[in-house]
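These notes concern the structure reproduced below.
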Amino acid sequence: MVETSAKIHNSKGIHVRPSGLIFKAIMNYGGEILIIKDGVTTPLRDIISILTLGLAYNDEITIRVSGVNEEEMIDILKDLFEKDYRFEEQ
């Protein structure tokens with residue numbers, strides 16, 4: 001098991017579009033991914049589990065990953081949660 005902290009840098013938090021990108025990165029991962037926010041631990045299984053975290057700008061989380069290639073997965077997740085997304089307005 002590996003663990004790291006991350007801070008949300010996206011000004012609109014982790015809403016539907018970033019959640020979709022995070023889910024795409026984890027959907028084939030066979031290990032366990034847990035996010036801890038304000039003392040509450042949530043397993044990441046789908047987009048809904050990401051959205052229910054209610055991650056807003058400057059929130060701090062802990063990411064915990066266990067399984068094959070856990071170091072690689074935790075680095076990917078840290079980058080995705082800390083990214084400042086700039087989506088084109090449609």
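Could you tell me the extents of the chain's C-alpha atoms along the three principal axes, largest first, rounded to whole Å?
38, 27, 20
Heavy atoms only, probe 1.4 angstrom, no DNA, RNA or ligands counted: give me Y57, Y29, Y85 ranked by accessible area, highest first.
Highest to lowest solvent-accessible surface, that is Y57, Y29, Y85.
Helix 16-26 sits at what angle to the longest principal axis of the chain, using alpha carbons and giving 0 to 90 degrees rounded to 10?
Approximately 20 degrees, to the nearest ten.
When the chain is fully extended, how far beyond the present Cα-Cα distance does E60 get from E3, taking 0.36 nm per residue of separation?
19.2 nm
Full extension from T52 to Y85: what is 0.36 nm times the residue separation minus their Cα-Cα distance, to one decimal in nm?
Here the segment from T52 to Y85 would lengthen by 10.0 nm.
Tell me which trypsin sites (Lys or Arg not before Pro) from the range 31-74 have a DSSP coil assignment and no more than 13 other beta carbons within 10 Å of their own.
Here the sparse-neighbourhood loop sites are R45.
The values are calculated or read from the model by the stated rules, or taken from the named source; none is laboratory data. This structure is a prediction, so every number in the text was calculated from the model and none was measured. Here Cβ is always computed from backbone atoms with ideal geometry, including for glycine, and neighbour counts include all displayed protein chains. Only protein heavy atoms, including side chains, enter the accessible area calculation; ligands, DNA and RNA are left aside. Shrake-Rupley method; radii C 1.70, N 1.55, O 1.52, S 1.80 Å.
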